[in-house]
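To keep things clear, I will list the structure first and then write my remarks on it.
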Amino acid sequence: MRLDALPLFWLLFTVAAYVVSRALYRRWPRYLLSPLLMTPAVLLAVAVPLHVRYADYAADAHYLALMLGPATVAFAVPIWQQRHLLARHWLALLGGMLAGSAVAVGSSWWLAGLLSLEGEISRSLVPRSVTTPFAMPLAESLGGVAELAAIFVMLTGVLGALCGGVLLRWLPLKTALARGALFGVGAHGAGVARAREVGGEEGTVAGLVMVLMGLLNLAAGPLLVWLFV
Amino acid sequence: MKTVTRGLRRVLELAVLVGLYLFGTALASWLGWPVPGGVIGLALLLAAFATGRVQPASVQWAAGLLLAEMLLFFVPALMSLLDYGALMRDAGLRIVLVIGGSTLLVMLVTALTVEGLCRWSVRHEA
């Protein structure tokens, strides 16, 4: 019997790979060792040669993805603790979210056309800046593919979390608000996790912005459908 | 005995957050709202803090744990790449370029807008 046929093998393997890469990252904080990059790289290196399908992997490991729901609820604690900061700067955050969303939609469409990607792929790229549960149905109503949209959302998070750190180094940002919004709008969930490494205030702002972005996109969805269909 | 009570308390804290998420999901599907259950749970917990009957400290440990290890919960969705090997070989580089380029622009514009608006409002308050 193959080892990966054991019940919950992939769940345990994912957690083990994560714990080891997190320990390595704490010791040597380099981008290439970031758990968000290392963990899937190790898993793919094992799963691809074994011809594991996503459904087999997900049967074990989907419990981890389910924890994103309670993690969203958990944001209530830092948001409550920072409520005065947020009440004071809500206008700046709203402005950043609107500008960021417009650039996300416009630039994905423009770059996808520039690199001559197929229509189905481009249409799945457009709702990318949204968190997954919002992005999947939106992609379908735009004529894209829901599964592709989910992958693109994930890639956005990973790439965004990685580039965001580099961007912070040479952008002269004085406020934690701008640093947090950068991650929350640009790289949603994964960006929030990265923003929490930068600082507590940054993490809170990013988390709040991510949740609000989801709601904003819910309202903007019909507008996008009207623009693209 | 003390460690047992503390362990039990921590499990209870996690159960509260999971429970709020499940309740939010059930409520959304019952009302036919297209809002994720986690967002409804978040709103409910904030409302509970606002009443003053629930203290944030009472769920602090579980909330801290979930937020600190959030990257782990994103890994399974990334593994859906397993089913799109052919597409990634064909168009993977171009897709990464579009996403990377667009994301950089989004971050740049968002951060500069927020920073600009913050400075503007500080000037106008002073």
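The values are calculated or read from the model by the stated rules, or taken from the named source; none is laboratory data. Note that the coordinates shown come from a computational prediction; the quantities given were computed from them, not determined experimentally. In this analysis, Cβ positions are derived from the backbone assuming ideal geometry, glycine residues included, and neighbour counts consider all displayed protein chains. Just the protein is used for accessible areas: all its heavy atoms, side chains included, with ligands, DNA and RNA removed. Shrake-Rupley method; radii C 1.70, N 1.55, O 1.52, S 1.80 Å.
Overview of values
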{"read-out": "Candidate set from the range A:159-174 (those that are more than 7 Å from every other protein chain (Cβ to nearest Cβ) and assigned to a helix (DSSP H, G or I)); member that is surrounded by the most Cβ atoms within 10 Å (Cβ to Cβ)", "value": "A:ALA161"}
{"read-out": "Residue among B:VAL75, B:VAL39, B:VAL96 that alone is touching a residue at least 12 places away in the same chain (Cβ under 8 Å), out of contact with any strand residue (DSSP E or B) (no Cβ under 9 Å at 6 or more places or on another chain) and within 8 Å of another protein chain (Cβ to nearest Cβ)", "value": "B:VAL39"}
{"read-out": "Residues (open to solvent by less than 10 Å² (accessible area, probe 1.4 Å) and over 18 Å from A:VAL126 (Cα atoms)) located in the range B:88-114", "value": "B:ALA111, B:VAL114"}
{"read-out": "Flag if B:GLY85 is without any contact (Cβ under 8 Å) to a residue 40 or more places away in the chain, open to solvent by 20 Å² or more (accessible area, probe 1.4 Å) and not β-branched (Val, Ile, Thr)", "value": "yes"}
{"read-out": "Tally, over the range A:137-153, of residues that are more than 8 Å from chain B (Cβ to nearest Cβ), over 15 Å from A:ASN217 (Cα atoms) and not in a loop (DSSP other than H, G, I, E, B)", "value": "1"}
{"read-out": "The range B:27-41, subset loosely packed, with under 11 Cβ neighbours inside 10 Å and not small (Gly, Ala, Ser), residue modelled with the highest pLDDT", "value": "B:TRP30"}
{"read-out": "Unique residue being more than 28 Å from A:ASN217 (Cβ to Cβ) and of a type in the set (Gly, Ala, Ser) when the list is A:ALA102, A:ALA41, A:ALA71", "value": "A:ALA41"}
{"read-out": "Matching residues in the range A:16-45 - criterion: being among the β-branched types (Val, Ile, Thr) and open to solvent by less than 50 Å² (accessible area, probe 1.4 Å)", "value": "A:THR39"}
{"read-out": "Count of residues meeting criterion [modelled with pLDDT of 85 or more, open to solvent by 20 Å² or more (accessible area, probe 1.4 Å) and assigned to a loop (DSSP other than H, G, I, E, B)] in the range A:175-229", "value": "1"}
{"read-out": "Selected residue [open to solvent by 40 Å² or more (accessible area, probe 1.4 Å) and either within 7 Å of another protein chain (Cβ to nearest Cβ) or free of Cβ contacts under 8 Å to residues at least 40 places away in the same chain (or both)] from A:LEU85, A:LEU68", "value": "A:LEU68"}
{"read-out": "Residues of the range B:44-62 satisfying the condition of being of a type in the set (A, V, I, L, M), free of Cβ contacts under 8 Å to residues at least 12 places away in the same chain and either in a loop (DSSP other than H, G, I, E, B) or crowded, with 16+ Cβ neighbours inside 10 Å (or both)", "value": "B:LEU46, B:ALA48, B:VAL54"}
{"read-out": "Residue in the range A:120-128 that is open to solvent by 20 Å² or more (accessible area, probe 1.4 Å), of a type in the set (S, T, N, Q) and either at pLDDT 85 or above or out of contact with any Phe, Trp or Tyr (no Cβ under 6 Å at 6 or more places or on another chain) (or both) present", "value": "no"}
{"read-out": "Number of the condition not met by B:GLY24 [criteria: (1) open to solvent by 40 Å² or more (accessible area, probe 1.4 Å); (2) more than 7 Å from every other protein chain (Cβ to nearest Cβ); (3) at pLDDT 90 or above]", "value": "(1)"}
{"read-out": "Every residue from the range A:191-202 that is at the interface with chain B (Cβ under 9 Å from one of its Cβ atoms) and farther than 14 Å from A:ALA178 by Cβ", "value": "A:VAL192, A:ALA193, A:ARG194, A:ARG196"}
